Amino acid sequence: MKKIFENQEIVILSNKELMGDNGYVFNFTDGSSVDVFSRTIINKGPGEIIIRDLPLWPPMSEIIKKQMKFGAIKQLNVSGDMNNIVILPGESTECLVLIGGADDFAQNISVYQRGDELCIETPKSKSNVHIDMGNIWVNGKRLPPPLEENFGYIEIRCSSLHSLYVNGTGAGNIFSDVPIRDLEAKIKGSTLISAIQLENAELNISGSGSLIADELNGSLYGRISGSGSIEVLTGVIENLDVGISGSGDLMIGALVKTASLSLSGSGDMMIAHVLDEYTAQGNGSGSIKVLKVGH
């Protein structure tokens, strides 16, 4: 998927051939188009057009408290209670970490390198109120969060990332604009992970946390006990194994070769296309839907 547009609020991705644009309407060679202002997509042929919200934090230049440099990394390990992290492509092999937000957050965060692994341990929140990107709306418009004492933001710039491990116990958003080979996440709170590209993902969600992957090519294992969700928009999934107990949801727009689905509770599971075979076991008021099976 190529990035065809980005501003402070959204990014538009597509694997279609772009014909031209006037700054806010993008036209493709197959007659498809996307309007940035109205967020309207007209898709007339094979391929995908995706509009994705970006974390709406204040500019790092306005809130920066620390800047740290590390050697090249292949792994990122994130744990703690206040995980608002954006991972961006870097121009050098070095890893740059910028920390912004409240003084208390910057003083109590721990960032260190262990071999080719970068470890980040965020402090425990002193408040029951967490700030994250989707909760601040005024007259239908998303606004940046207020810079209260509970706010912390981390920006990471690295050239590549083989694996990401997340152990989230609080709220936050982890957004990666860098492709990740392997994701492993244990979420007990409401952490949202948004990734532009994954190969394999293993998720255990026992709260209201979620994963949104624009593209996943490999395997997906997920267990949700609560109101969490997993959403994969495009890609080819060799093996899908997901079980939900509670009100959680699963939505897979990618092509799935084999799938094992288990649902107990009021959640919903929807798979657009299973190529070979799948098994489904469900009880409760939820639903399991596979829209297409076979070639």
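Key figures for this structure:
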read-out: Qualifying chymotrypsin sites (Phe, Trp or Tyr not before Pro) in segment 1-101, DSSP loop, other Cβ atoms within 10 Å at most 10; value: Phe37
read-out: Rg to Rh, two decimals, where the chain supplies the alpha carbon set and Rh follows Kirkwood; value: 0.97
read-out: Within a Gaussian network of the chain (alpha carbon springs, distance under 10 Å), most fluctuating of Ser190, Ser260, Ser285; value: Ser285
read-out: Residues Lys186, Lys3 arranged by fewest to most Cβ contacts within 10 Å; value: Lys3, Lys186
read-out: Computed [θ] at 222 nm, helices only, for the chain once each DSSP H run of length n ≥ 4 contributes -39500 (n - 2.57); value: -500 deg cm²/dmol
read-out: Cα-based shape type of segment 2-53, given that a ≥ b ≥ c are square roots of the gyration tensor eigenvalues and the cut on a/c is 1.5; value: prolate
read-out: Percentage relative contact order, the chain, counting C-alpha pairs under 8 Å, at least six apart; value: 11
read-out: Cβ-defined net charge surrounding Met270, 13 Å radius [Lys, Arg +1; Asp, Glu -1]; value: -1
read-out: Calculated FRET efficiency for the pair Thr279/Glu17, C-beta based, R₀ 51 Å, to 0.05; value: 0.85
read-out: Counted charge near Ala280, where neighbours are those whose Cβ lies closer than 13 Å (Asp, Glu -1; Lys, Arg +1); value: -2
read-out: Spin-label pair Asn217/Lys2, simplified geometry with 7 Å Cα→Cβ offset, distance in nm; value: 1.6
read-out: Choice from Thr93, Thr169, Thr191 with maximal GNM fluctuation in the chain (Cα, 10 Å cutoff); value: Thr93
read-out: Of Lys2/Lys74; Lys65/Lys124; Lys2/Lys65; Lys16/Lys292, those spanning more than 29 Å from alpha-carbon to alpha-carbon; value: Lys2/Lys65
read-out: Förster-model FRET efficiency, 35 Å R0, Lys188 and Ile42, C-beta, rounded to 0.05; value: 0.30
read-out: Neighbourhood net charge (11 Å Cβ-Cβ; Lys/Arg +1, Asp/Glu -1) for Ser229; value: -3
read-out: Where a label projected 7 Å from the Cα of Tyr112 along Cα→Cβ would reach, residues of segment 154-185 with amide N under 20 Å; value: 165-168
read-out: R0 of 22 Å, Cβ-Cβ distance Asp104-Ser79: FRET efficiency to nearest 0.05; value: 0.75
read-out: HN-Hα J in Hz across segment 167-176 - Karplus 6.51, -1.76, 1.60, θ = phi - 60°, x for Gly and Pro; value: 10, x, 10, x, 10, x, 9, 10, 10, 10
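Since every read-out is calculated from the coordinates, none of them should be taken as a lab result. Source: prediction; values computed, not measured. Here the Cβ is made from the backbone with ideal geometry for all residues, glycine too, and neighbour counts use every protein chain on show.
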